[in-house]
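Just so it is clear, none of the values below were taken in a lab; they were calculated from the coordinates. A quick note: this is a predicted structure, and the numbers were derived from the prediction, not measured. We place every Cβ from the backbone using ideal geometry, glycine too, and count neighbours over all the protein chains shown.
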């Protein structure tokens, strides 16, 4: 069996893949509504929320756009310290919002001091933060950043992208005060690509009622109207929801604390190996991702050659992303990957160095 150590799409368990082969049913049927209600409740457990979690047929980027279109009339502050945070800023601009970027060097985290200073200078309706920047391997201190927003500008909505971390790292939507928390299916959830999930607070939904031109496909008020009937406004990706139902049961059977501990242990092991081979993580110690290890390619490996070698053993890793291509390498420690899988990968990389 092949094993991908890339930060999405990730490997999917055989029984989850098989669930997609179930026969179709009408999406306006009691059978579908029962499943959709079931997955919605289980998602609330993963999100640590009492509110609602939307199930959208899109990538995570779709819910980035939903967050902007539903919760921002005009002003939004986008914390930008990597490629996907930059994407959210571009999404805000392309939707005609008055978006400001709080720019931080790639590889560094957004700090409480930087965010507080920006919020003191200007009032914003919302702030966007990427919890786990897939391009740099930086985990922003979202819990602490939420406290800053609540202290400096309590009516500002907090929108968080956790595409590459939710279900692999503990994120407590309600306890931390996150208003909109989004993720997608193909990373820590270990599902095929094509679904995105978004938890929204009551406060955020009340704000959406004041925002015109929310669009249609990602109008969360329209989605909420249907969600309350255990349905969707448009045809859902039914095969993926079959898979989601099975995978959520698997995740909850493992136990979320155990799942989080497994991810942390895998990333620590990869970081240790890289350190011993003269390659340090791009991120500073307190801000290192537990789901994707991004290290400086100080050995000047040709990542394509490394992957050709690894693919002979049915494994592959990821090159750096965007302007970090070839300057870094990325090793995902997410999803259904186990520590034993990580050890096989590290042995393969060890063998590559000895060629």
### Message
I'm checking my understanding of the structure. Among residues of region 113-145 that are more than 25 Å from residue 267 (Cα to Cα) and free of Cβ contacts under 8 Å to residues at least 40 places away in the same chain, which one is surrounded by the most Cβ atoms within 10 Å (Cβ to Cβ)?
### Response
115
### Query
Residues in region 302-316: is at least one within 24 Å of residue 142 (Cβ to Cβ) and not in a loop (DSSP other than H, G, I, E, B)?
no
### Subset of region 154-163 that is crowded, with 21+ Cβ neighbours inside 10 Å and more than 12 Å from the chain's Cα centre (by Cα) - its residue that is farthest from residue 116 (Cα to Cα)
159
### Query
What residue, among those in region 268-292 that are touching a helix residue (DSSP H, G or I) at 6+ places or on another chain (Cβ under 7 Å) and assigned to a helix (DSSP H, G or I), is nearest to residue 81 (Cα to Cα)?
270
### Task
Determine whether residue 303 is closer than 25 Å to residue 262 by Cβ and in contact with a strand residue (DSSP E or B) (Cβ under 6 Å, 6 or more places away or on another chain).
no
### Single residue of region 320-336 satisfying the filter (touching a residue at least 12 places away in the same chain (Cβ under 8 Å) and surrounded by fewer than 19 Cβ atoms within 10 Å (Cβ to Cβ)) that is nearest to the chain's Cα centre (by Cα)
322
